[in-house]
Every structure is written in structure tokens, then in C-alpha cells.
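These notes are about the structure you will find just below.
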Amino acid sequence: MLCWLAVLPQTASAIPSGNVLVLYSNNRLLPANVEFDQGLSSGLVEHKEVHAEIFSEFLDAPAFKGAAHEQAVASYLHEKYSLRPPAVIIAGGEGALNFALRFRDQLFPGIPV
């Protein structure tokens, strides 16, 4: 699950740091989302050399759909994280991955998904 934590560089200057944005396709109470969030948090705790803060956002699909909703969410996320952009985006679900890739240039250009 946390492949990037397993391959941490050995030098202190190359250790990842920064914000991690997790985009989930569904709502926050979906059991898979809760478990993934807990696993990600505990994985970071185990690697004290990684200085990262995790932020989670939920697209709430399929309750909310459509191009207008997606555009509103993309604009909201861009504004919300403009002063604290993520170093990496993790997609929790196919819908979140598709959203992140479609709006990557608008949200956070050059940030790995």
C-alpha cells in the first residue's frame, strides 16, 4: 500500500517531505477509505524520517456527479491548497484517479499522482 515509504532514500537530503493529498472517490465513511487512511497514517508514523502532513478530500461520488460539480471541486481544491500545495497526490479509487488526471494541470501542475 505504501510503496513509496518502502523505498525511502538513504540520505537525509533526499527523504520526502511535504503535504500529501489523498483524493477519495466516495465519502469519508466508506470502510475502505477509513482503513486506507488509517494505514497511511500509521505508515507515516513508523517512518519518522518522513516529514509529511496528510490531507484527505472526498469527491462523494456517486452522490454528486457531472462536469459542473467536478469543475467546482477542482476550483475549490486549487484555492484551498494554493498556499500549501501537495508534494504528491494519492488517488483512492478509480473515480479519484480519473478526476486527478483530468484536472491535474488546473489543480497542481507537475505534482505526481
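The values are calculated or read from the model by the stated rules, or taken from the named source; none is laboratory data. Quick caveat, the model's predicted, so the values are computed rather than measured. Side chains included, ligands, DNA and RNA excluded: accessible areas come from the protein's heavy atoms. Shrake-Rupley method; radii C 1.70, N 1.55, O 1.52, S 1.80 Å.
See the values below:
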item: Placed amide H near residue 58: partners under 5 Å, 5+ positions off or other chain; result: 24
item: Karplus-derived 3J(HN,Hα), 6.51/-1.76/1.60, for each residue of segment 54-67, Hz, glycine and proline x; result: 9, 10, 10, 10, 10, 7, 6, 7, x, 4, 10, 9, x, 5
item: Of all accessible heavy-atom area on segment 60-105, the percent that carbon and sulfur account for (1.4 Å); result: 60
item: Karplus-derived HN-Hα couplings along segment 24-38 (A = 6.51, B = -1.76, C = 1.60, θ = phi - 60°), whole Hz, x at Gly and Pro; result: 9, 5, 9, 8, 5, 8, 4, x, 5, 5, 4, 5, 4, 4, 5
